[in-house]
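K.L.:
Let me begin by handing over the structure; questions about it come next.
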Amino acid sequence: MVITCKKDAPQEELNKIITKFENYGMQIKQIEGEDYTLIVVVGDTAIIDEKRLMCNPYVESISQIGTPYKKVSRIWHPEDSVVDVAGVKIGGKEKIVVMGGPCSVEGLEQICDISQEIKNAGGRILRGGAYKPRTSPYTFQGLGREGIMYMTQARKLTGLPIVSEIMSTDKIDEFVENVDLIQVGARNMQNFDLLKALGKTDKPILLKRGLSNTIEEWLMSAEYIMAGGNNNVILCERGIRTFETYTRNTLDLSVVQIVKKKTHLPIVIDPSHATGNWELVESMSLAAVAAGADGLMIEVHPQPECAWSDGQQSLKPKNFKDVVEKARAIAKVVGRDL
Ligand code: PEP
Ligand code: MN
């Protein structure tokens, strides 16, 4: 961290700043410039409250050299993290993992049938929402615990691990007991109490990017989970809000390589919520694989026109199978397998 101080700052005022950092065990160097005095601080400056430091009338500006996240950063962990989801490994250089399933679990038969279809098509994890974060309180809110139990039945049938979304801390025990991969949805990316509580579990967490969040905010949310001791974090880009309304969101594909540079955590793409349009799901899935994503999460429904949520962006099983096959071909081109 470099603190730029005004040239007329009295040395005793600078010493107050310096002593504070020294008390934290950090190394300090004071440099006299033409127009400013610089205080260079070396150490773990993530704990410093920059806003408080800026209240000092002699401080002109502060620039961070490192990143505010530590455990998430590739600097401290150069090799790719591989997260094991009940035997399915996500991340690393080899396999790309496709997850598929309905937006919402609608019944036992429905989720079991779809689970078979996902498996037959080459999908390796079953998705299904039981607690749904809906924009309107009058639309289907999910089957709740019943839906989670149907997911576990589907897992028994096909052996596919299951992923489902959690919305509140009071459901953590239920999810830890029953679900293989706990999804934190876009709307809860900055639910810090939830992130902290999930950090105390050892379950893999699929952390979606918030609707309007920057990459740094997203990585800081991952840091919340890891700071609690849970290193099993997978990031999921699901499109962000822009001025464009033709698509539900704007898929930020450049994020794949940016994230890979900044962190060792795996990243998967959700082309369904990113586009809101099933006709765009295939091309965006293939583009995501070409861009280096470690996985895909795709909504699938046998009768999208009858789906209880997100039918417009759901693929029929046959189309899902086609996407998996084409994605496999693209994976080969980028030196991976699927
Ligand atoms: C979902 O996966 O069903 C979902 C609600 O996703 P998101 O949080 O990305 O909107
Ligand atoms: Mn959905």
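Read-outs throughout are calculated quantities, based only on the coordinates presented, and are distinct from any laboratory measurement. Treat the numbers as computed from the prediction; the structure is a model and nothing was measured. Please note: Cβ atoms are built from the backbone with ideal geometry, for glycine as well, and neighbour counts cover all protein chains shown.
K.L.:
Using the per-residue mean of other Cβ atoms lying within 10 Å as a proxy for protection, in what order, highest first, do the peptides 136-142, 68-74, 168-174 fall? List each step's numbers first, then the result.
P.N.:
Numbers: 136-142: 12.0, 68-74: 19.3, 168-174: 14.0.
The peptides rank, most packed first, as 68-74, 168-174, 136-142.
K.L.:
Taking a 32 Å limit on the Cα-Cα distance, which of the listed pairs LYS95/LYS316; LYS51/LYS203; LYS262/LYS316; LYS29/LYS71; LYS89/LYS321; LYS20/LYS71 fall beyond it?
P.N.:
Working: LYS95/LYS316 24 Å; LYS51/LYS203 34 Å; LYS262/LYS316 36 Å; LYS29/LYS71 26 Å; LYS89/LYS321 21 Å; LYS20/LYS71 25 Å.
Over 32 Å Cα-Cα: LYS51/LYS203; LYS262/LYS316.
K.L.:
Moving to a separate point now. FRET efficiency for ASP170 and GLN30, Cβ-Cβ distance as r, R0 = 51 Å, nearest 0.05?
P.N.:
So the FRET efficiency works out to roughly 0.50.
K.L.:
Give me a comma-separated list of calculated 3J(HN,Hα) values for the range 172-177, in order, Karplus coefficients 6.51, -1.76, 1.60 applied at θ = phi - 60°, integers in Hz, x for any Gly or Pro.
P.N.:
Taking θ as phi minus 60°, the curve returns 4, 4, 4, 6, 4, 6 Hz for the range 172-177.
K.L.:
May I pose another question? First measure r as the distance between the Cβ atoms of GLU12 and THR242, then evaluate 1/(1 + (r/R0)^6) with R0 = 51 Å and state the FRET efficiency to the nearest 0.05. Display every interim value, and only then the final one.
P.N.:
Numbers: r = 50 Å, r/R0 = 0.98.
Here the calculated transfer efficiency is 0.55.
K.L.:
Output the 0 to 90 degree angle, nearest 10, between the alpha-carbon long axis of helix 11-23 and the longest principal axis computed from the alpha carbons of the chain.
P.N.:
Taking the Cα atoms of the chain, the angle to 11-23 is about 40 degrees.
K.L.:
State the answer as a single residue: which of ILE125, ILE215, THR19 lies farthest towards the positive end of the charge dipole of the chain, with beta carbon charges of +1 for Lys and Arg and -1 for Asp and Glu, about the Cα centre.
P.N.:
Toward the positive end, the furthest listed residue is ILE125.
K.L.:
Shifting gears a bit: Suppose we take every Cα in the chain and form the convex hull; what volume per residue is that in Å³?
P.N.:
156 Å³
K.L.:
Stokes-Einstein D for the range 1-129 at 4 °C, 1.567 mPa s, Kirkwood Rh over Cα pairs, in µm²/s? List each step's numbers first, then the result.
P.N.:
Numbers: Rh = 19.3 Å.
Value of D from the Cα-based Kirkwood radius: 67 µm²/s.
K.L.:
I'd like to compare 213-219, 51-57: which one has the highest average count of other Cβ atoms within 10 Å, and what's the full order after that?
P.N.:
The most tightly packed comes first, giving 213-219, 51-57.
K.L.:
Counting only other residues whose beta carbon sits under 11 Å from that of VAL72, what net charge do I get with K and R as +1, D and E as -1?
P.N.:
On the way: positive: LYS70, LYS71, ARG74, LYS262; negative: GLU216, GLU223.
Computed value for this residue: +2.
K.L.:
Roughly how many Å is it from the Cα centre of the range 200-263 to that of the range 47-126, as a whole number?
P.N.:
Going from one Cα centre to the other spans 6 Å.
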